[in-house]
Amino acid sequence: MKSANRNAAGPALLAGESQAASATQAAWRFLNNENVSLIDLAEPLRQAGRDACQRSQSDYVLLAHDWCKLDYKNHSSKTDLRQITHDTDIGYDMTSALLVDADNGKPLAPMQMHLKTADTLHSTASAPPDIDAHHLDQVAPTMEEAEKWDLQRKVVNIIDREADSLGRLRTWAADGHLFLVRCDDRRVLWNAESRLFSEIVEHFDSQVLFEPVGKAKYHGKVVAQEVAETEIVLHRSHSAMIDGEKKQVSGKPLSMRLVMTRMLDEEGYILAEWTLLTNVFDQQISAYQVARWYYWRWLIETFFKLQKSHGQELEHWQQECGAAIARRILVASMACVVVWSLQHDDSSEAVATKNVPVRLSGRQMKYGCVSTAPALLAGYMILLSINDLLTETDIDIGQLKRIAKDAMPFNIPI
């Protein structure tokens, strides 16, 4: 089902469909059918992830975790909207986990989703977290479920610096989960001495221990990238809620791999730098590869954009409850998997095929860019409509051509 423009009440139909009203009613019945479970709708996505893992050359697969707000403050018909932060910040709160190929950074499939409404958490998890659970407390259950998805790869969970929580890092490591997080400056043990991350970075910089690893893109520009790594120990106490009170808890020292990466301009000035922590100690995985893994975390941000402003117009959907929105999100996610598969297919047939939907979409792209997911998604739906029109037997194509020709102000051959 293609999303029509944001002002349309119903979906854009294929040419063979009969009435917009009947198609809209059918969609309403499906999306509001309580017998259509989110777990069942998530299964085709998870199967796509499993199939992609079988084709991967890496022993690892990445699972990027992130959350975003769905803004519905102008949708008065939705009765289960949630106040997310301030009074006018109204909508739903969505958490997703996106599977990414650890070898080449290709997005594979969204594998988990939680959608918080005013009083319910709609989830694809078999054991959903509590509705009041913090975002980071939703991660551990997904880590546990990922072990049951039969991916046949070691799952590395990637989370942005909101996950720089020592107590949770200790818990995840104790449960045997692999993870990669971006961290802020903190005090750790390095070479048996207490040091801040910033001091360790300064030492590697002053001793010229950063290694150049080639070029990378930063804000659309090609810049130089350098990396360095060392082993550190997280040894300090962490805070935890105990009997309703926040207390300091002494935890077991946790050995971690610290990867430092930075971007430099042509004159050697530092444009950006990140400190990353991971418990992946595989010698086959270099510091550069760890940095690339974190860089690919941004793919979940582009997934959110593809569902919202860049393709599916999620925040303009007219369904009146979170349950229907959640079901439609999963259906829309299947369309994302289709266009990703085409976008990253480098075969000669795929290259020729991508040119058609891109031209049909009318989307503008940067010079040298062959295709984007939003352009492929928009053009692919137009292509399906054209195919349906040409193959529908009860439509007189010749008559349509005559009507089009008569309507033109100039004698343009069709």
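With percent of Cα pairs over 33 Å apart in mind, check (i) 43; (ii) 50; (iii) 34 and report the label derived from this structure.
For percent of Cα pairs over 33 Å apart, the calculated option is (i).
Say the dipole of segment 32-342 comes from +1 at the beta carbon of Lys and Arg and -1 at that of Asp and Glu; which of W317, L330, M256 then lies farthest toward its positive end?
L330
Ranked by Cβ crowding within 10 angstrom, fewest neighbours first, how are L209, L330 ordered?
L209, L330
Using a 10 Å Cβ count of at most 11 others and DSSP loop calls, identify the longest part of the chain lacking such chymotrypsin sites (Phe, Trp or Tyr not before Pro).
Value returned for the longest uninterrupted segment is 1-268.
For V249, V201, what ranking results if the residue with the fewest other Cβ atoms within 10 Å of its Cβ goes first?
V249, V201
Of K116, K69, K401, how do they rank once you tally other Cβ atoms within 10 Å and put the fewest first?
Result, fewest neighbours first: K401, K69, K116.
Trypsin sites (Lys or Arg not before Pro), restricted to segment 70-113: which are DSSP loop and have at most 16 other Cβ atoms within 10 Å?
In loop regions of segment 70-113 (DSSP not H, G, I, E or B), the sparsely surrounded trypsin sites (Lys or Arg not before Pro) are K73.
Working from Cα positions, state the angle (0 to 90°, nearest 10) between the long axis of helix 20-31 and the longest principal axis of the chain.
30 degrees
Using the alpha-carbon atoms, what tilt in degrees (0 to 90, nearest 10) does helix 348-361 show relative to the longest principal axis of the chain?
Compared with the principal axis, the helix lies near 70 degrees.
Distance check, please: which entries in K106/K308; K217/K305; K106/K215; K106/K221; K308/K405; K78/K154 exceed 30 angstrom between their Cα atoms?
Too far apart for the 30 Å limit: K308/K405; K78/K154.
Measure nothing but the geometry: give the 0 to 90° angle between the long axis through the Cα atoms of 197-206 and the longest principal axis through the Cα atoms of the chain, rounded to 10°.
80 degrees
Output needed: percent of Cα pairs per 10 Å distance bin for segment 219-280, bins running from 0 to the one holding the longest distance.
19, 30, 24, 18, 9, 1
What's the center-to-center distance, using Cα atoms, between segment 137-213 and segment 223-237 in Å?
9 Å
Counting helices only, and only those DSSP H runs with n ≥ 4, report the 222 nm mean residue ellipticity of the chain as the sum of -39,500 (n - 2.57) divided by its residues, in deg cm²/dmol to the nearest 500.
-11000 deg cm²/dmol
A short reminder: the numbers here are calculations on the coordinates, not readings from a lab. The structure displayed is predicted, hence computed values, not measured ones. All Cβ positions, glycine included, derive from the backbone under ideal geometry; neighbour counts span all protein chains shown.
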